[in-house]
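Data block below; observations after.
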Amino acid sequence: MKIISVSRDSNIPIPDFDLVSSMGGKRVKTSDFRQQQNLVIYFYEAWSCDHCRRMLRELRDHHELFKWLDAKVLAISRDPLGEISIAAADLGPEIILLSDEDGKVTSAYARMGDEGGEVKNSFMVIADRFGTLFSWMGMEADENIDYGEVESTLLFIATQCPECGRPQGDSIAM
């Protein structure tokens, strides 16, 4: 797994998007979550991929962790709306599935991990409620999500001062 953690002094914004969702074709934008929730965005190949389906089901099964850490899980693929609707029926409402048929959003996020914009497998991005990147995790084929890393990143975000985005006090060693 390739993990890029961003320094607390960094302020790298995640790319904005406006994609069609599995929720009745409603459009979902990054701005819908600004000042509301942290984001865990999982990019996967396709619902037809066995490994991707397993990873999405694991994300769903961790929904209590994400809820506790005030994070919303979004999953983006190049699948058309019909395919993500089938996936949503299986997964339930815990994950918002989004269709990026032209692949522009996926490529923009892939470039953040210095992968040259080419997505071969899957990757995950964690951002705070202000749209700032905290972690980018690239996964090879059949590699699992590191939930310890996800939890630790979200816990670190939770220690941030809501006004300035910096840790409160001197208790966090960097």
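The values are calculated or read from the model by the stated rules, or taken from the named source; none is laboratory data. All figures in this text were calculated on a predicted structure; none of them were measured in a lab. Cβ placement follows ideal geometry from the backbone for every residue including glycine, while neighbour counts extend to all protein chains displayed.
Laid out as a table, the results:
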{"read-out": "The lone exception for residue 94 - which of (1) of a type in the set (Asp, Glu); (2) in contact with a His (Cβ under 8 Å, 6 or more places away or on another chain); (3) at pLDDT below 90 it fails", "value": "(3)"}
{"read-out": "Segment 142-174: number of residues that are modelled with pLDDT of 85 or more and outside any loop (DSSP other than H, G, I, E, B)", "value": "12"}
{"read-out": "Checklist (1) within 20 Å of residue 147 (Cα to Cα); (2) free of Cβ contacts under 8 Å to residues at least 24 places away in the same chain applied to residue 104, failing item", "value": "(1)"}
{"read-out": "Neighbours by Cβ (under 6 Å, 6+ apart or cross-chain): first from segment 138-158, farther than 13 Å from residue 40 by Cβ; second among the hydrophobic types (A, V, I, L, M, F, W, C)", "value": "138/123; 139/1; 143/1"}
{"read-out": "Residue count for segment 17-28, restricted to those that are without any contact (Cβ under 8 Å) to a residue 60 or more places away in the chain and in contact with a strand residue (DSSP E or B) (Cβ under 8 Å, 6 or more places away or on another chain)", "value": "3"}
{"read-out": "Any chance residue 34 is modelled with pLDDT of 95 or more, surrounded by 13 or more Cβ atoms within 10 Å (Cβ to Cβ) and among the charged types (D, E, K, R)", "value": "no"}
{"read-out": "Residue in segment 29-42 that is over 14 Å from the mean Cα position of the chain (by Cα), hydroxyl-bearing (Ser, Thr, Tyr) and in a helix (DSSP H, G or I) present", "value": "yes"}
